[in-house]
Amino acid sequence: MELLYLNRKALGEGFYYLKGMVIGMFWTVTQSLLGGLLTTFRIFIFTLLIALPLGLIIAFGAMSRFKPLRYLVDVLVWVIRGTPLMLQLIIIFYGPGLWLGHNIWSGNETGRITATVVAFSINYACYFSVIFRGGIEGVPVGQREAGEVLGMTKSQIFFKVTLLQMVKRVVPPMSNEIITLVKDTSLARIIAAYELTFAGYSFMKSDGLTWPLFYTGVFYLAFVGILTLLFNYIERRLDYFR
Amino acid sequence: MAILEVKNIEKHFGSTQVLKDVSFSLEEGNALAIIGSSGSGKTTLLRCLNFLETPNQGSIAVKGETLFDASVPLKQHEKDLRKKRLHFGMVFQSFHLFPQYTALENVMLAAQLLAKERTDYKQNKKEILAEIETRGKALLDQMGLQDRMDHYPHQLSGGQQQRVAIARALALSPDILCFDEPTSALDPELTGEVLKVIRGLAEQKTTMIIVTHEMAFARDVADQIIFMDDGVIVEQGDPRQVIDNPREERTKQFLTRYTEG
Ligand SMILES: Nc1ncnc2c1ncn2[C@@H]1O[C@H](COP(=O)(O)OP(=O)(O)OP(=O)(O)O)[C@@H](O)[C@H]1O
Ligand SMILES: [Mg+2]
């Protein structure tokens, strides 16, 4: 009887001990993943901030009346879209060190993130440029001409007539690309940037744990989910016209 | 004196000549119909009048003021060009309404933007904008669209859209209103409502140039008609005379082809 009681007590304590350990581990993983998420978020935001305006510039280049520039831009876009982003990332991170003899990226985490942002910005700017171009050229010429005939200035036509129609055309394909970007940030692991996927993966390597991988997936889902809600909202706001 | 004087207009795109020595004049308050087979240069002529194309030769004068003269090469400043454009209004075959604005907003937009250039805009902003709105509503009323003012273009039928486009072109009170086949993009049962509106404008002595394939309408409404073929004016004159008793062989052929369908 006493023995049974003791055993039960030991079991109970063991349970609490285990529960404590699991909760402790859960916190460790969460903290680590949050750290990774911060890096992922940094890559994401800086890439967007650079690639969006750069993409617009490339789009203008692709529509330029100056033929050599047009060809140059076409070739650039073709090469960048025709090769893997991971390959581009490797070349941009390791290339300068091998060609110049010294690494232009500092060896620390900041250097890795910077190299990633540079590679991603070039790559995504090319994809964005195609979307921008489609949006700009997709607005019928008749819209501009209708404005001209009504005596509007070029800038009035752009801001009051064509801009919103371009935005409406650009938002759906752009939201797809931006959501792809969230997931593509995981490629930064290849140059050992400690982003979200790397964070989750490291627990499998060191502790043989697989559940942090699924937990990592939840982080991505939340990130993508918020973006999806945002884009749905924008699309709905632009739904009132066709 | 004629309100519009077009002299010796030539236009080519690359090596194809689209307009050859086109000259005509139009009296104030008159409606001019332009007929002719596909590719004869009717649209191009209207586009030249509206400065959407630049003629290679010739001149255009409105109310005695030369707006364009190819023999006097001068760099057009945007501001001058815009002012010249306002002598003409344009109604396109496929409407080209601004999709993100309601019918009323479509009609008011250009006037609102133009008003900003007035020196007294800041002081009298409220009155000026109220005036524009009153005028916009009156125009849509005139087009029979009083209950469609807040509809967006995609919520309107083709005939309604074209009537909004006419109101929009009238909003800046152009001297001459141009129509490029205003009913060609419409279902047959909707052409009537648009033609009725144009007929009403003719009765009010609006100066108009109407490119059309509606022969009966042209005969009935126009004061003057031009038949174009292959970039030249083959015949012009009184619409009844030209349509019922054409003098030129090419006009006859065109009209028989037309009446035969
Ligand atoms: N921007 C352009 N570049 C080259 N050729 C053009 C251009 N615009 C018109 N053309 C040519 O000029 C000719 C006249 O065209 P236009 O549109 O003025 O004819 P249209 O009389 O209006 O015909 P439709 O009844 O079919 O509207 C056509 O042969 C056309 O192919
Ligand atoms: Mg035409």
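Every number here is computed from the coordinates shown, using simple stated rules; none is lab data. Please read all numbers here as calculations on a predicted model, not as lab measurements. Cβ coordinates were reconstructed from backbone atoms using ideal geometry, including for glycine residues, and neighbour counts include every protein chain displayed.
Assorted remarks:
- A Cα-only calculation for the stretch A:180-242 places Rg and Dmax at 16.2, 55 Å.
- Chain B - share of DSSP beta bridges that are antiparallel (%, nearest 5): 55
- Rounded to 5, the percent of DSSP beta bridges in the protein assembly as shown classed as antiparallel: 55
- Shape call, the stretch B:151-225: gyration tensor on alpha carbons, a/c limit 1.5: oblate
- Note on B:Gln17 and A:Ser206: the model spin-label points, each 7 Å out from Cα along the C-beta direction, lie 8.5 nm apart.
- The stretch A:192-229 and the stretch B:1-54 have Cα centres spaced 68 Å apart.
- Förster radius 51 Å - calculated FRET efficiency between A:Trp99 and B:Asn124, Cβ distance, rounded to 0.05: 0.15
- Relative contact order %, the stretch A:37-241, counting alpha carbon pairs below 8 Å whose residues are six or more apart: 25
- Cα-derived Rg to Rh of the protein assembly as shown, Kirkwood definition: 1.19
- 30 Å Cα-Cα reach of B:Lys122 towards lysines, excluding residues that sit fewer than 8 places from it in its own chain: A:Lys154, A:Lys160, B:Lys79, B:Lys83, B:Lys84, B:Lys137
- Residue among A:Ser155, A:Ser129, A:Ser121 with the largest mean-square fluctuation in a Gaussian network model of chain A, springs linking Cα atoms under 10 Å: A:Ser155
- Seen from a random direction on average, the alpha-carbon convex hull of the stretch B:54-98 projects onto 4.4 square nanometres.
- Here the stretch B:59-129 and the stretch A:99-127 have alpha carbon centers that stand 51 Å from each other.
- Most mobile of B:Val62, B:Val242, B:Val72 in a GNM of chain B (Cα contacts under 10 Å): B:Val72
- Stokes-Einstein diffusion for the stretch A:37-241 at 37 °C, viscosity 0.692 mPa s, with a Kirkwood radius from C-alpha pairs, works out to 171 µm²/s.
- Between B:Ala31 and B:Met208, B:Asp223, B:Gln224, the built amide H atoms are under 5 Å apart, and every one of these is 5 or more places off in sequence or on another chain.
- Whether chain B is rounded, prolate or oblate, judged on the alpha carbon gyration tensor where a/c under 1.5 counts as rounded: oblate
- Charge-dipole axis of the stretch A:37-241 as Lys and Arg at +1 and Asp and Glu at -1 on Cβ define it, positive-most pick from A:Leu230, A:Ala62, A:Val77: A:Ala62
- Three-way shape call for the stretch B:31-151 based on the alpha-carbon gyration tensor, with the a/c threshold at 1.5: oblate
- Among the helices of chain A, those built from whole DSSP H runs whose Cα atoms reach 20 Å or more along their own axis and whose mean Kyte-Doolittle hydropathy is at least -0.5 are A:2-62, A:67-82, A:85-100, A:109-138, A:163-184, A:211-237.
- Compared with the dominant principal axis of the Cα atoms in chain B, helix B:158-170 is inclined by about 80°.
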